[in-house]
Amino acid sequence: MADKTQRSDVTLDTIVSLCKRRGIIFPGSDIYGGLQGTFDYGPIGAELKRNVKDAWWRAMVQDRFDIEGIDSCLLLHPSVWKASGHVENFTDPLCDSLGPSRKRYRADHIEEAECARFLVIDVTDEAAPRTLEAEIWAPTKKKAKEFFQQWWEKALGLEGRRVKLEEVEGSRTTGRFSPDDGGRLTEPRMFNLMLTTTLGPVEESSAKVYLRPETAQGIFINFDNARTTARRKLPFGIAQQGKSFRNEITPRNFIFRTREFEQMEMEFFCKPVEFCQTGERTDMEWFEYWRNERLDWFVRLGINRENLRFYDHPKEKLSHYSRGTTDIEYLYPIGWQELEGIAHRGNFDLTQHMEHSGKDLRYFDPEANTHYVPYVIEPAVGVDRTVLAFLCDAYREEEVKDRKRVVLALHKHLAPIKAAVLPLLANRPELVERAHKLAADLKRHMNAVYDDTGAIGKLYRRQDEIGTPWCITVDVESLDDQAVTIRERDSMEQRRVPIDRVVEVLRADLEAAAPAPAAQ
Ligand code: ATP
């Protein structure tokens, strides 16, 4: 259930409008009026998302000695989802409002509230008041009126008539009612979140396959392939990134909950404690390690530590096979919400796949001289939720010379564009030529752009809003002193640098900003 803590520095609407204005993220299928639960990344957003994924891949695969990366299919054999439990259990409780909005909810997202039932009485003809067959459930009469005006008046054909709302005596009760129209909710029914498609030219049931709702199962079914070809001993991990699909009942809050999204998941296979040699980390110690390391990754990439927290799932709510699950929560503008989950999954997944596939996926431990099924620690995070957290955390509004300046103070390694080269005067061919050449030189080392489509102040503002760390101005003086001005995004400080040293200086700055690799 959502925590009601609110942030005062940024709203979701502000981020949504910045994203649209600056080509970061657009509603999916926009020109056709949108497709619910889908979003497209624009020119700036595609770079940002790529940088987020690269930063994760670097930290989780390339900077480490104990993790391999793979890239499995989106379509897996249908038996995979039977074995994993998704066919039977990957469900959410769905309910509908019986009120006029007919809105649909995830039952577990609706908080219980104390409400009373209000009757709608048409008193236009005072001599013959008429009570209508309608139920509005609300905590107060004021709220009941709001529901009435927004939804019921029209639905009941009462526009222009005089109406009274009356609380039914003794009806006050605690329960779940629609927070939109005050209607009763239907009993929850379980709804499977997996999307299906058909393989092959004939649409017959035998060819039905699922679009994966998570990337993790592609890792489990490749456990043996990856382990043997990479000649790995325990402990080691397999990571992958890619699209996942979930037919979410209520996709909402921009890219926080969508029906098509990307995930970055890693399965870390380790020894059950009874097989650990002296000095080896136990499975629970690895769980601890990954909890801390994953939170630290966000901090290394610039997220304010105070906007992150752990939520440990209570023992009684864990799945039967799990020895611990922790969410890393971020303080989004909609409150504290799950950003990443870290789960100790025991040996559940591999055991299930052994049973369903008939393949022996046990590990032979040469030190213990025995076979067993490894334990798994799984850090799983959504790319889009991560992008949203980075955007919210980087967003700043400042007063500069009585004008509002909007800055995305993104970590330099996440910034979509690293440097923008701007000629002070677009009508001076010598300046334009030098600026073009500098942008081309920079492009060989980092994502740089050339822009002369506005006055310098406007160009700075545009780059600030998309988080470009450096703006480089080529001015008339540059023709004499062969130097340019580099302006820093956050401090707005300017320094004069010889034009032929710009590439070297910015490369060194970028290198110095690289997040440190994890302690292993
Ligand atoms: P939630 O409880 O919010 O539905 P979950 O616990 O089902 O999430 P997991 O199955 O643990 O999520 O997936 C791992 C991560 O994938 C989540 O922490 C989140 O970052 C991301 N994710 C899951 N569902 C969505 C979605 N519909 N849209 C965007 N990201 C998602």
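The values are calculated or read from the model by the stated rules, or taken from the named source; none is laboratory data. Just so it is clear, the structure is predicted and the values come from calculations on it, not from any experiment. Methodologically, a virtual Cβ is constructed for each residue, glycine included, from the backbone with ideal geometry; neighbour enumeration extends over all protein chains shown. Quick note on the areas: whole protein, heavy atoms, side chains included, nothing else; ligands and nucleic acids left out. Shrake-Rupley method; radii C 1.70, N 1.55, O 1.52, S 1.80 Å.
If you go through region 339-352 and pick out every residue that is in contact with a Ser or Thr (Cβ under 8 Å, 6 or more places away or on another chain), away from the ligand (no atom under 15 Å from the Cβ) and open to solvent by 10 Å² or more (accessible area, probe 1.4 Å), you end up with 1.
Scanning region 73-100 for residues being among the small types (G, A, S), open to solvent by less than 20 Å² (accessible area, probe 1.4 Å) and away from the ligand (no atom under 16 Å from the Cβ) gives a total of 3.
So for region 505-519 (the condition being of a type in the set (D, E, K, R) and within 30 Å of R291 (Cα to Cα)), does at least one residue qualify? Scanning region 505-519 turns up at least one residue that is of a type in the set (D, E, K, R) and within 30 Å of R291 (Cα to Cα).
Residue by residue, here is whether (1) modelled with pLDDT under 95; (2) of a type in the set (F, W, Y); (3) surrounded by 15 or more Cβ atoms within 10 Å (Cβ to Cβ) holds:
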| site | (1), (2), (3) |
| --- | --- |
| Q149 | no, no, no |
| E153 | no, no, yes |
| V163 | no, no, yes |
| R172 | no, no, no |
| G175 | yes, no, no |
| S178 | no, no, yes |
| G182 | no, no, yes |
| T198 | yes, no, no |
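Return yes when G23 is within 26 Å of A448 (Cα to Cα), assigned to a loop (DSSP other than H, G, I, E, B) and not aliphatic (A, V, I, L, M) and no when it is not.
Criteria met by G23.
Screening I31 against (1) closer than 21 Å to E214 by Cα; (2) open to solvent by 40 Å² or more (accessible area, probe 1.4 Å); (3) part of a helix (DSSP H, G or I) leaves a single unmet condition, (1).
Per the listing R396, R385, the residue uniquely within 16 Å of the ligand (Cβ to nearest atom) and not aliphatic (A, V, I, L, M) is R385. Scanning region 255-292 for residues that are over 24 Å from T196 (Cα atoms) and within 16 Å of the ligand (Cβ to nearest atom) yields M266, E267, F268, F287, W290, R291.
Inspection of region 381-400 finds no residue satisfying the criterion of being without any contact (Cβ under 8 Å) to a residue 60 or more places away in the chain, over 21 Å from M492 (Cβ atoms) and open to solvent by less than 60 Å² (accessible area, probe 1.4 Å). Selection within region 410-441: residues that are open to solvent by less than 50 Å² (accessible area, probe 1.4 Å) and part of a helix (DSSP H, G or I). The member of this set that is nearest to R58 (Cα to Cα) is A439. State whether one or more residues within region 368-376 are open to solvent by less than 20 Å² (accessible area, probe 1.4 Å) and within 16 Å of the ligand (Cβ to nearest atom). Yes, because at least one residue in region 368-376 is open to solvent by less than 20 Å² (accessible area, probe 1.4 Å) and within 16 Å of the ligand (Cβ to nearest atom).
Between I70, I24, I15, the distinction of being touching a Cys at 6+ places or on another chain (Cβ under 8 Å), open to solvent by less than 60 Å² (accessible area, probe 1.4 Å) and in contact (Cβ under 8 Å) with a residue 60 or more places away in the chain belongs to I15 only.
Residues in region 49-62 that are more than 13 Å from the chain's Cα centre (by Cα) and within 16 Å of the ligand (Cβ to nearest atom): A55, W56, M60. If the condition is being surrounded by fewer than 21 Cβ atoms within 10 Å (Cβ to Cβ) and part of a helix (DSSP H, G or I), then region 57-67 contributes W57, R58, V61, Q62.
Cβ-Cβ distances below 8 Å connect the following pairs, each with a first residue in region 334-363 that is over 23 Å from I255 (Cα atoms) and of a type outside the set (G, A, S), a second residue that is part of a helix (DSSP H, G or I) and within 12 Å of the ligand (Cβ to nearest atom), and a separation of six or more residues or different chains: D349/A216; D349/Q217.
E355 falls short of the stated requirement of being farther than 24 Å from F90 by Cβ, more than 16 Å from the ligand (Cβ to nearest atom) and either surrounded by fewer than 16 Cβ atoms within 10 Å (Cβ to Cβ) or at pLDDT 95 or above (or both). For the subset of region 301-338 comprising residues that are within 15 Å of the ligand (Cβ to nearest atom) and among the acidic types (D, E), which member is surrounded by the fewest Cβ atoms within 10 Å (Cβ to Cβ)? The residue in question is D312. When the criteria are applied in full, K143 meets the requirement of being of a type in the set (D, E, K, R) and assigned to a helix (DSSP H, G or I).
Going by what's in this entry, would F39 be described as more than 16 Å from E262 (Cβ to Cβ) and touching a helix residue (DSSP H, G or I) at 6+ places or on another chain (Cβ under 8 Å)? In short, no.
For region 157-204, a residue qualifies if it is under 42 Å from the mean Cα position of the chain (by Cα), assigned to a loop (DSSP other than H, G, I, E, B) and farther than 19 Å from K103 by Cβ, and the qualifying residues are S171, R172, M194, L199, G200, P201, V202, E203, E204.
Given the structure, is V407 surrounded by 15 or more Cβ atoms within 10 Å (Cβ to Cβ) and at pLDDT 95 or above? I'd like the intermediate steps shown before the answer.
Numbers: surrounded by 15 or more Cβ atoms within 10 Å (Cβ to Cβ): yes; at pLDDT 95 or above: yes.
Answer is yes for this residue.
Across region 218-263, the qualifying residues are those that are outside any loop (DSSP other than H, G, I, E, B) and β-branched (V, I, T), and the one among them that is most open to solvent (accessible area, probe 1.4 Å) is T229. Number of residues in region 312-366 that are under 23 Å from T282 (Cα atoms), in a helix (DSSP H, G or I) and of a type in the set (A, V, I, L, M, F, W, C): the value is 2.
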